[in-house]
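First comes the structure, then the notes that go with it.
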Amino acid sequence: MTEIGVERLQMKQVSERSGVALGTAYRYFSSKDHLLAAAIADWHRLLLADLVGEVGAGRSASPTERAVRFVRRGMRAYQRQPELARLRVAVATSTDPFASEALQGLARADRAALGAVMPEVPPASGELVRHMVGHAWQGELTAWVTGRTTLDDARNRLEEMVRLVLTPYEPPLSA
């Protein structure tokens, strides 16, 4: 995928490179979109685990600052792997039902990771806050990958949105 791009990749090439018979590949993945969705979901889950480990270490920081560091480091990871950012955006528009299942899993992993990073947000509003952050992240990745914005602008907008959404959950300042 990193050599020829998402659009030109074919199941036959994946089968040949991996040494798996094409029929076997199709037994586990109904389509290229399904395979790619599973691949990006797995990579993203690993990324989230790393991010939670890194950001969770700074528990003394506010929930907002932990969440900002979380999305900032996540965007940097996609910057280092732009083909994976393009893959995530491409898969997000797939109509393949199996790809949709993988993407739903990716969204659940996002929400769980964000919940671990900002446990102070009450459960009643936490689900909506995590949903908003996840969608903003996807939107900014899409804008960057499609050339509608720069990576710096996308990252700045995402961080500002996180700050805006999480401000009500900041602990009161001590006198």
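The values are calculated or read from the model by the stated rules, or taken from the named source; none is laboratory data. No experiment lies behind these values; they were computed from the predicted model shown. Neighbour counts run over all protein chains shown; Cβ positions are idealised from the backbone, glycine included. Ligands, DNA and RNA are excluded from the accessible area calculation, which covers all protein heavy atoms including side chains. Shrake-Rupley method; radii C 1.70, N 1.55, O 1.52, S 1.80 Å.
To the nearest 10, the accessible area of residue 36 is 10 Å² with a 1.4 Å probe.
Skip the ligands, DNA and RNA, and give the accessible area per residue of segment 20-67 with a 1.4 Å probe, whole Å².
Value returned for segment 20-67: 49 Å² of accessible area per residue.
May I ask you to give the percent of accessible area on segment 82-175 that is carbon plus sulfur, with a probe radius of 1.4 Å? Show your work: numbers first, answer last.
On the way: 2980 of 4940 Å².
Using a 1.4 Å probe with all protein chains present, segment 82-175 comes out at 60 percent carbon and sulfur.
Helical runs assigned H by DSSP (4 residues or longer) give the chain a calculated mean residue ellipticity at 222 nm of -24500 deg cm²/dmol, each run adding -39500 (n - 2.57) before division by the residue total. Of the residues 56, 131, 9, the one whose Cα sits farthest toward the positive end of the charge dipole of the chain, with +1 on the Cβ of Lys and Arg and -1 on the Cβ of Asp and Glu, is 9. Taking all protein chains as they are arranged and a probe of 1.4 Å, the heavy atoms of residue 150 leave approximately 70 Å² accessible to solvent.
For the set 30, 125, solvent exposure ranked by accessible area (probe 1.4 Å, protein chains only) runs largest to smallest as 30, 125. Counting only protein chain heavy atoms and rolling a 1.4 Å probe, the accessible areas of 135, 34 rank, largest first, as 135, 34. Between helix 97-117 and the chain, what is the angle of the helix's C-alpha long axis to the longest principal axis, kept within 0 to 90° and rounded to the nearest 10? Its long axis makes an angle of about 30 degrees. Once the Cα atoms of helix 32-56 and of the chain are each reduced to a long axis, what angle between those two axes, in degrees from 0 to 90 to the nearest 10, is obtained? In the chain, helix 32-56 runs at an angle near 30 degrees to the longest axis.
Here the Gaussian network model covers the chain, with springs between Cα atoms less than 10 Å apart; of 102, 61, 37, 61 fluctuates the most. Report the local net charge at residue 16: Lys and Arg +1, Asp and Glu -1, summed over other residues whose C-beta lies under 15 Å from its C-beta. Within the 15 Å Cβ shell, the charges total +3.
Each of (i) 33, 16, 13; (ii) 24, 23, 15; (iii) 31, 26, 14 is a candidate for semi-axes √(5λ) of the Cα gyration tensor in Å; the one calculated from this structure is (i). When you filter the GluC sites (Glu not before Pro) in segment 3-91 for DSSP loop state and at most 11 other Cβ atoms inside 10 Å of their Cβ, you are left with 3, 7.
Once the Cβ-Cβ distance between residue 42 and residue 12 is put in as r, and R0 is 25 Å, what FRET efficiency do you end up with, to the nearest 0.05?
Values: r = 22 Å, r/R0 = 0.86.
Here the calculated transfer efficiency is 0.70.
Assuming R0 = 30 Å, can you tell me the calculated FRET efficiency for the pair residue 153 and residue 21, based on Cβ-Cβ distance, to the nearest 0.05? Efficiency for this residue pair is about 0.10.
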